[in-house]
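What follows is one structure encoded as structure tokens, with my remarks underneath.
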Amino acid sequence: METKKTILIIEDEPHIVLGLKDALEFEGFRVVTAEAGREGCQVARQEPPNAVLLDLMLPDMNGYQVCEELRRLDPFVPIIMLTARSAEADKIRGLDSGADDYVTKPFSVGELVARVRAILRRANRKSSDAFEFTLGEATVNITAHTIQRKGEKAESLSFYEVELLRFLFERAGTPVSREDILNRVWGIDASPTNRTIDNFIVKLRKKVEKSPNQPEHILTVYGFGYKLVT
Ligand code: CA
């Protein structure tokens, strides 16, 4: 029998926890919950989850701190942030702290469950196609989820950073549309915006490029999308 995937919900609003727990259990997931940040990190340490749903506003720590702590425990675990704030600045900060995806409250439980499924499908793929490649002076290791620029310390890559780099690498030299990226990397049942992609590109350029403002590898194709040059 296939072991159930464990989803950790860190959220202090009981009705949201209940709704999500029911829906995820109905889908065949095992659900563990915590109503505060410290407790959530503790649960993650004891029972490493396959994915985390993390509220931004918690009573003891904020979601960003929790996210960083969870990333220290497991650099690869997919983390979806639940936030009542929709301002772009918050999203960018959340992505910097290592979240993979966002939903803004109020959200539909059905949509969130679909995103969890999509993110886990992609996470499953990673063990079967292990490889690394170089981009100028940077070596990307898809298996280890790291990037290392010559003479510098290796940096970890989040789940979607790896997926986005992998997708661009598979099509290196060819312009790839934002729509294609959304469909192939995030999956059609998830619904991030074009802006999400652009935020990820900004983060990746900081890790890949010698001068992120004058990229040599991850190029913008105006009005269309991006192109990777190896
Ligand atoms: Ca809250």
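Mind counting the residues in the stretch 46-65 that are under 23 Å from Glu163 (Cα atoms) and modelled with pLDDT of 90 or more? Here the count works out to 7. So which residues in the stretch 180-208 are acidic (Asp, Glu) and without any contact (Cβ under 8 Å) to a residue 40 or more places away in the chain, if there are any at all? Asp198, the sole residue that qualifies. Within the stretch 35-44, being of a type in the set (A, V, I, L, M) and either within 12 Å of the ligand (Cβ to nearest atom) or not assigned by TED's automatic domain parsing to the domain that holds Val77 (or both) holds for one residue alone: Ala36. When the residues of the stretch 45-71 are narrowed to those that are within 11 Å of the ligand (Cβ to nearest atom) and surrounded by 20 or more Cβ atoms within 10 Å (Cβ to Cβ), which ends up nearest to the chain's Cα centre (by Cα)? Once the filter is applied, the top-ranked residue is Leu54.
Residues that are within 15 Å of the ligand (Cβ to nearest atom) and under 13 Å from Val109 (Cβ atoms) were ranked within the stretch 14-29; the one that is surrounded by the most Cβ atoms within 10 Å (Cβ to Cβ) is Leu20. Taking the conditions exactly as written (touching a residue at least 60 places away in the same chain (Cβ under 8 Å) and over 15 Å from Glu132 (Cα atoms)), does Phe169 satisfy them or not? Judged against the criteria, Phe169 is not a match. Sort out which residues of the stretch 20-43 are touching a residue at least 60 places away in the same chain (Cβ under 8 Å) and not in a helix (DSSP H, G or I), and write them in order of number. Answer for the stretch 20-43, where residues must be touching a residue at least 60 places away in the same chain (Cβ under 8 Å) and not in a helix (DSSP H, G or I): Glu27, Phe29. Filtering the stretch 136-166 to residues that are polar (S, T, N, Q) and in contact (Cβ under 8 Å) with a residue 40 or more places away in the chain leaves Ser156, Ser158.
The values are calculated or read from the model by the stated rules, or taken from the named source; none is laboratory data. All values reported here derive from a predicted model rather than from experimental measurement. Cβ atoms come from the backbone with ideal geometry, glycine included; neighbour counts cover every protein chain shown.
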